[in-house]
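The structure appears below as structure tokens.
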Amino acid sequence: MPTPESVLAAAVPDLSNVAQDEHVVQFYEHDDALVDKVGAVVGDALAEGASAIVIATPSHLAAFERCWASRGIDLASAKGSGRYVTRDAAATLASFLSDGWPDARRFTEAIEPLVASASKRHARVVIFGEMVALLWADGNHAAAVRLERLWNELALKYRFLLCCAYPLEAIAAGPQDALREVCAEHARALPAESYSALSTEAERLAAICQLQQRAEALERETTRRKSTESLLARREHELSEFLEGAPHAIHSVDANGVILWANRYELEMLGYSADEYIGRSIDDFYVDRNLARSLVRRLAEGETLREEAAQVRCKDGSIRDVLVTSNACWDGETFSRTRCFTRDVTLERRAEQALRESEARAESTRALLAAIVESSNDAVISKSLDGRITSWNDGAARLFGYRPDEAIGQPIMMIIPSELRHEEFEILERISRGERIEQFETTRVAKDGRRIDVSLTISPVRSDDGRIIGVSKVARDISERKRIEEALRISDRRKDEFIAMLGHELRNPLAPIRTAAEVFRRIAGGNPEYLELSQILQRQVQQMTRLLDDLLDVSRITQGKIKFKREAFDLALVAQRAVEACRPLMESRRHQLRLDLPKAVLRVEGDSVRLVQLVTNLLNNAARYTPVGGRITLTMGRRRGAVEIRVKDNGAGISPDALPRIFDLFVQANPSATGSQDGLGIGLTLVKIIAEHHGGTVTAASAGPGQGSEFIVTLPAAAQDTGLSVAIDPPASDAAAARRRIVIVDDNVDASQSLATLLRLSGHDVFVACDGPSALQTVRTARPDLIMLDIGLPGMSGYEVAKQLRDNGCKGRLVAVTGYGAPEDRQRSHDAGFDHHLVKPIEPSSLEQLIAGA
């Protein structure tokens, strides 16, 4: 009868035979044996260049390293490269214990970085851990088992050999249940160095561990095999269901042509039950029996059949055209059965037959149409419902580069980019519903790889009985049009950029003119001639500014850069502001302006600023085309649930041929009627854009030249219960601003000097600088209340000057003075630290209000 020692020796190898990814436990009696066995495994790993992690007591670690040093292993080099890592067992254990229990998160934080780093350096990693022995020695047996399990969980992420060790005396003195759990957590339990020295109890426990491990390994293998068998059975069932339910006719015959199996689709296609079909010869169902036998013979000779044309007979006697694709299955070198896929192409064959019959009945017409198609510059293509090309004209050959013989019979997908292939399925779906698709713009690919922009007209092709049997496409090359459209977009963008630059450049000279006019007015005293000259200058500057504003607004609105606000207000506010803006022009021409406004509040929703602009442009337009002393009427009211704004004059009128184009950009109606040329044909275009953005319309009416004109704007009325959020402007204050210290920075000498003169007339202390450095010096010495800073300075921009002023602690109010007034320009000046943003030319009243608040 074998002894426990022989059982263990036969069942368990020593550490030299364990696998790379095993978790083993070594029982030992004496430290020398532990150092000898574990030291040999770790030393071999280090000698071979592998990574090693040793978590041990100081005495064991010192003994290991003496052993390795005696073997000539360079531990310093291994440590320096990170291949050899050591940790004190007690300190490491304490780092993740919580009330004597291993905490999983702390364990991961302490141990995983060591294992991950070692795994990156070498595929082979060897770890010795003595922390479980410390827990066992303290009597904390459950904690030792828990730590073994944490190591096993880490082994699911990384591949390493882990060796734990327990003194035999301690392990034998512990509870047997805990010992069994320790053994269960290891792939192998290695016996102590001297079997004869073992107590009977220790031998029995070790043997139990080994038998338990073998039983568990057998159970795991049985479970794995059962799982594999179950998976294979499930896969076989899925495959059987897949073949049985496939939307394609599939069958198998033996070497003699006897049907072994057929799926549901094939049985339903032919109308037979399984009992009526399976077991019979395949040639019983072929119209040409010899063809069926020939196909089986060819398969037996090793040939693979691909879409062989045949005809099969259904149970009801009908004939179906099919394409047969098949190959043979072999048992060794013996032909056993076939795998056959049958595709029903009856509809395609009938369609082809119908087309042939139709062509026979109308040969002359078809020939004429063919000639037209062939001579067409457009690509004219037809295809079957399964997407195969059936016709290809010369236009298609020229456009796509494929000859007819290269294209016909091929899938249409060959000219469709991969990322657009979904379009083909969408087109076929619409065609199947009988739809016709016109001017569908997309991209196709030529034979040489060129991508071509095309416009498609796609139509269903029908048989005589109205069934859709194919698709016809006409493809027109629109690459040149696309190129022109892109060029137009670029040109349009450059135009917008030019308009913005033009507006800026024109505002700069307008600024000193506007300022000089105001200075002239103030120093004119009571001289009526000087006052009249000043007013002329002011009116002309105002007119020029309005033209610039309209020009820029049209560009910004068409680009979508202007956002229209939505608020409720009384339309009387719009009338007040618009009349005030137009008053100088009308007074200069001695026009009689009549206002017909409702007494009750007339609520509208929209952007009050833009509606003021709309009415102002209509009034200015009327003033320009109405002779001196003429009459202009502004009427506002409610009509049929909407709000109407009417501007009527008795001026030059509009000719019938000009009325349809009156709102087009840069169009002037009868400019010679009054000799008026002071406009760009922008104002009415802007009126139309603003009205449409408010959900309204604008129309023009005139009895003809010399009969006056009327413009009617219709807007949606606001709900009666909508509160008003815009108030009437308060009257401007006439109070003079307090004396201020002001610095003007502008490289335009005329602009800076004229503005300085105007401000000095108002009693302010004014200092002038022409560039950034001098501006910084002037501000330092003058300590102004207000700094009016031009943005477009040479060398150092106004934004840079503003930043340095703020960085240097300047407390004065910063005012950006520029020719750019778009929202993005105002935002940029605000981000640069400016308090205000004024657009040239500056309105004197606005400037006075700003200074008063400084």
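So here's what we get for this one:
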item	result
Residue selected from the range 275-322 under the condition in a strand (DSSP E or B) and of a type in the set (Val, Ile, Thr), by the criterion most open to solvent (accessible area, probe 1.4 Å)	319
Output for the range 803-825, where each listed residue is assigned to a strand (DSSP E or B) and polar (S, T, N, Q)	818
Strands (runs of 3 or more DSSP E) contained entirely in the range 1-109, each with at least 1 residues that are surrounded by 15 or more Cβ atoms within 10 Å (Cβ to Cβ) and modelled with pLDDT of 90 or more	51-56, 84-88
Every pair of residues 6+ apart whose Cβ atoms lie under 7 Å, when the first sits in the range 708-728 and is in a strand (DSSP E or B) and at pLDDT 55 or above while the second is open to solvent by 40 Å² or more (accessible area, probe 1.4 Å) and not charged (D, E, K, R)	709/701; 710/701; 712/699; 714/697; 716/695; 717/641
Residues located in the range 828-847, provided they are surrounded by fewer than 18 Cβ atoms within 10 Å (Cβ to Cβ) and either charged (D, E, K, R) or part of a loop (DSSP other than H, G, I, E, B) (or both)	828, 831, 833, 835, 843
Residue list for the range 326-345, restricted to those being buried (at least 16 other Cβ atoms within 10 Å of the Cβ), free of Cβ contacts under 8 Å to residues at least 60 places away in the same chain and in contact with a Ser or Thr (Cβ under 9 Å, 6 or more places away or on another chain)	326, 328
Extreme residue, modelled with the lowest pLDDT, among residues of the range 730-769 that are open to solvent by 50 Å² or more (accessible area, probe 1.4 Å) and in contact with a Leu (Cβ under 8 Å, 6 or more places away or on another chain)	747
Tally of residues being touching a Leu at 6+ places or on another chain (Cβ under 7 Å), under 11 Å from residue 154 (Cβ atoms) and crowded, with 17+ Cβ neighbours inside 10 Å across the range 110-128	3
Among the candidates 433, 462, 403, residue that is open to solvent by 60 Å² or more (accessible area, probe 1.4 Å), more than 29 Å from residue 360 (Cβ to Cβ) and free of Cβ contacts under 8 Å to residues at least 12 places away in the same chain	433
Failed criterion for residue 448 (all others in (1) open to solvent by 40 Å² or more (accessible area, probe 1.4 Å); (2) touching a residue at least 12 places away in the same chain (Cβ under 8 Å); (3) part of a helix (DSSP H, G or I); (4) of a type in the set (Asp, Glu) hold)	(3)
Residue 214 being touching a Pro at 6+ places or on another chain (Cβ under 9 Å), at pLDDT below 70 and assigned to a helix (DSSP H, G or I)	no
Residue within the range 170-177 that is among the aliphatic types (A, V, I, L, M) and assigned to a strand (DSSP E or B) present	no
Cβ-Cβ under 8 Å pairs, at least 6 apart or on other chains, the range 784-802 side within 16 Å of residue 825 (Cβ to Cβ), far side among the acidic types (Asp, Glu) and open to solvent by 20 Å² or more (accessible area, probe 1.4 Å)	790/747; 792/747; 793/747; 793/771
Failed item in (1) at pLDDT 65 or above; (2) buried (at least 20 other Cβ atoms within 10 Å of the Cβ); (3) of a type outside the set (S, T, N, Q), with residue 513 passing the rest	(2)
The range 629-639: number of residues that are in contact with a Ser or Thr (Cβ under 9 Å, 6 or more places away or on another chain) and open to solvent by 10 Å² or more (accessible area, probe 1.4 Å)	1
Which numbered condition residue 242 fails, given (1) at pLDDT below 55; (2) of a type outside the set (Asp, Glu); (3) open to solvent by 60 Å² or more (accessible area, probe 1.4 Å)	(1)
Per-region count, the range 609-632, residues more than 48 Å from the chain's Cα centre (by Cα), aliphatic (A, V, I, L, M) and closer than 14 Å to residue 710 by Cα	3
Residue selected from the range 129-142 under the condition in contact with a strand residue (DSSP E or B) (Cβ under 9 Å, 6 or more places away or on another chain) and surrounded by fewer than 20 Cβ atoms within 10 Å (Cβ to Cβ), by the criterion nearest to residue 90 (Cα to Cα)	137
Residue list for the range 463-498, restricted to those being of a type outside the set (Ser, Thr, Tyr) and either modelled with pLDDT of 90 or more or assigned to a strand (DSSP E or B) (or both)	467, 468, 469, 470, 471, 473, 474, 475, 476, 477
Residue within the range 329-336 that is aromatic (Phe, Trp, Tyr) and closer than 30 Å to residue 462 by Cβ present	no
Considering residues of the range 804-827 that are crowded, with 17+ Cβ neighbours inside 10 Å and among the basic types (Lys, Arg) only, the residue modelled with the lowest pLDDT	826
Of the criteria (1) surrounded by 23 or more Cβ atoms within 10 Å (Cβ to Cβ); (2) more than 21 Å from residue 110 (Cα to Cα), which one residue 162 fails	(2)
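The values are calculated or read from the model by the stated rules, or taken from the named source; none is laboratory data. Because the structure is a prediction, the values reported are computed rather than measured. Don't worry about glycine lacking a Cβ; one is built from the backbone with ideal geometry, like all the others, and counts go over all protein chains shown. Surface accessibility is based on the protein's heavy atoms, side chains included, excluding ligands, DNA and RNA. Shrake-Rupley method; radii C 1.70, N 1.55, O 1.52, S 1.80 Å.
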